Amino acid sequence: MPAPIRKAVFPVAGLGTRFLPATKAVPKEMLTVVDRPIIQYVVDEAREAGIEHFIFVTGRNKHVIADHFDMAFELEQTLRDRGKQEALDLLEEIRPAPGTASFTRQQEPLGLGHAVWCAREMIGNEPFAVLLPDVLVKAGRGCLGQMIDAYEKTGRNIIAVEEVPEDQTHHYGVIDIEGEGRNGLYEVRGMVEKPKPGTAPSNLIITGRYILQPEVFGFLENQETGAGGEIQLTDALLKLMETQGMSGLAFEGKTYDCGSKIGFLAANVAYALGRPDLGDEFRATLKDLLS
Ligand code: G1P
């Protein structure tokens, strides 16, 4: 059995300029899908996969993320006084146990690779997960849970991958694969971050979930900038692959890229339709709107 994946990193330092003015004072990770912030879905996915320690790499103006995962003492006392048990249970359910959420700041916006590297002291010398909060995956068993299942069988570095239309690949990291793939698991033989249109090695993109060995930190240290002038996680993974195997898991589930307005809107519709308490009424409202 490979070493368990106990810790997950959530890089939440991005400025969210695509969602201004909404993100002027509110972090993009706190924008709501139905009635909970985007980051909540991603943390829930990690918790369901068995993650025990949640590490947030934040930036300035992101303190409400820490507030969201803290106890809201006055609010909870008021709810208790008023006998609002359901609301209290909801808050308790989403709150990490004391001491299991940690926060560090990425002092400069130098890229995703740099953000992950900022978590190195908190991770230490053990394999870990990275979840990008822009990406929501709606699935039976959560995306990270599916990856951990694959990790437990293989002990390898694993990245979540999915097919996109060829004209979309330049927005993402794209993998090159060897052979056919078995049970949704592909042997990764290369990857490129934001390839120029028409040059991608495949149409399998990196979805924003990773299980990585701690050696990746050595490659992130003193790393040169790559695509977009940023320190890219993808470039460090390429180096990691020279000494360790890497698999791409084509997971089951539907992805919503909440970094784009259309993806964010689609997530709101899909998650609302899937909610037992809202789905039917919302479906009728949507039909009405579309008619
Ligand atoms: C990041 C990664 C990229 C991945 C994408 C998924 O890019 O660098 O490899 O495909 O997330 O959303 P970003 O969206 O931060 O530009």
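The values are calculated or read from the model by the stated rules, or taken from the named source; none is laboratory data. In this text the structure is predicted, and so the values were computed from the model without any measurement. Cβ sites come from the backbone with ideal geometry, for glycine too, and all protein chains shown count toward neighbours. All accessible areas refer to the heavy atoms of the entire protein, side chains included, with ligands and DNA or RNA removed. Shrake-Rupley method; radii C 1.70, N 1.55, O 1.52, S 1.80 Å.
Do you know which of the residues in region 151-173 that are under 23 Å from residue 231 (Cα atoms) and in contact with a helix residue (DSSP H, G or I) (Cβ under 9 Å, 6 or more places away or on another chain) is nearest to the ligand (Cβ to nearest atom)? It comes out as 173. When every residue of region 13-24 is checked against the conditions, none turns out to be within 15 Å of residue 66 (Cα to Cα) and either open to solvent by 30 Å² or more (accessible area, probe 1.4 Å) or not small (Gly, Ala, Ser) (or both). Please find, within region 234-257, the residue that is farthest from the ligand (Cβ to nearest atom) out of those that are hydroxyl-bearing (Ser, Thr, Tyr) and under 21 Å from the mean Cα position of the chain (by Cα). Per the criteria, the residue is 247. Among the residues making up region 205-224, those that are farther than 26 Å from residue 255 by Cα, modelled with pLDDT of 90 or more and part of a loop (DSSP other than H, G, I, E, B) are 214, 215, 221. Considering only residues in region 232-242 that are in contact with an Asp or Glu (Cβ under 8 Å, 6 or more places away or on another chain) and not acidic (Asp, Glu), the one that is farthest from residue 106 (Cα to Cα) turns out to be 240.
Considering the conditions (1) in contact with a Cys (Cβ under 7 Å, 6 or more places away or on another chain); (2) free of Cβ contacts under 8 Å to residues at least 24 places away in the same chain, residue 45 is excluded by exactly one of them, (2). Close contacts from region 57-79, counting a first residue that is within 22 Å of residue 25 (Cα to Cα) and of a type in the set (D, E, K, R) and a second that is in a helix (DSSP H, G or I) and open to solvent by 30 Å² or more (accessible area, probe 1.4 Å), with Cβ to Cβ under 9 Å and a gap of 6+ residues or different chains, come to 62/30. For region 136-157, the candidate set comprises residues that are within 13 Å of residue 46 (Cβ to Cβ) and among the hydrophobic types (A, V, I, L, M, F, W, C); within that set, the residue that is farthest from the chain's Cα centre (by Cα) is 148. Of the residues making up region 216-228, those that are in contact (Cβ under 8 Å) with a residue 40 or more places away in the chain and at positive phi number 1. Can you find, within region 191-212, the residue that is nearest to residue 244 (Cα to Cα) among those that are away from the ligand (no atom under 13 Å from the Cβ), touching a helix residue (DSSP H, G or I) at 6+ places or on another chain (Cβ under 7 Å) and open to solvent by 10 Å² or more (accessible area, probe 1.4 Å)? Only one residue tops the list, namely 196.
Condition check ((1) out of contact with any Phe, Trp or Tyr (no Cβ under 8 Å at 6 or more places or on another chain); (2) surrounded by fewer than 16 Cβ atoms within 10 Å (Cβ to Cβ); (3) of a type in the set (S, T, N, Q)) across all residues:
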site: 108; (1), (2), (3): yes, yes, no
site: 129; (1), (2), (3): no, no, no
site: 137; (1), (2), (3): no, no, no
site: 140; (1), (2), (3): yes, yes, no
site: 151; (1), (2), (3): yes, no, no
site: 154; (1), (2), (3): yes, yes, yes
site: 158; (1), (2), (3): no, no, no
site: 164; (1), (2), (3): no, no, no
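Screening residue 91 on (1) open to solvent by 30 Å² or more (accessible area, probe 1.4 Å); (2) out of contact with any helix residue (DSSP H, G or I) (no Cβ under 7 Å at 6 or more places or on another chain); (3) in a helix (DSSP H, G or I) shows it passes everything except condition (2).
Of all residues in region 251-267, those satisfying the criterion of being touching a residue at least 12 places away in the same chain (Cβ under 8 Å) and either open to solvent by 40 Å² or more (accessible area, probe 1.4 Å) or in a loop (DSSP other than H, G, I, E, B) (or both) are 251, 252, 253, 254, 257, 258, 259, 260, 261. Against the numbered list (1) farther than 24 Å from residue 262 by Cβ; (2) within 11 Å of the ligand (Cβ to nearest atom), residue 135 comes up short only at (1).
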